[in-house]
Amino acid sequence: MVILNDTTEIQSFKIIPRYYPASVIISVTDTQLNTSSSYDITPTYSYSSMIISQSFSLTENHFYKLEVFDSGSNVFRGSIFCTNQTNYNKFDITSGSFKTSDDVDNIILI
């Protein structure tokens, strides 16, 4: 899920596309009002991520469906949540997966 603000300034976010086209059409659909907007952009790439920089017209506390197309082919599907909060929980895939131990019980018998 992409989290954006309701500002009219340019905002950037990264996605991992199915492939890497030179230009794309972004469709943003408000799931509550069922209205959509389209944007023609030229994305930039960093390693395996597509970086999208665009000024969006979003409403706070609304969910949006995000679709990225290239000549009718779907490059990416996702969702956007619009909020002006800056101090929210940011989750990590590996959060809590690794455990460390301070116990030292390496006994070597000769």
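Just so it is clear, none of the values below were taken in a lab; they were calculated from the coordinates. Not measured: the values here are computed from a predicted model. Every residue, glycine among them, receives a Cβ derived from its backbone with ideal geometry; neighbour counts consider all protein chains shown.
For the reader, a short list of remarks on this structure follows.
- By the compact-protein rule of thumb, 2.2 N^0.38 Å, the alpha-carbon radius of gyration of the stretch 2-82 corresponds to a ratio of 1.03.
- Highest to lowest packing among 52-60, 69-77, scored as the average C-beta count within 10 Å: 52-60, 69-77
- Rounded to the nearest whole angstrom, the semi-axes of the ellipsoid equivalent to the stretch 1-46, taken from the Cα gyration tensor as √(5λ), stand at 20, 14, 11, largest first.
- What the phi angles of the stretch 10-25 give under the Karplus curve with 6.51, -1.76 and 1.60, with θ = phi - 60°, is a coupling list of 5, 10, 10, 8, 10, 9, 10, x, 6, 8, 10, x, 6, 9, 9, 10 Hz, glycine and proline written as x.
- With each label modelled as a point 7 angstrom along the Cα→C-beta vector, the SER36-ASN74 pair spans 1.1 nm.
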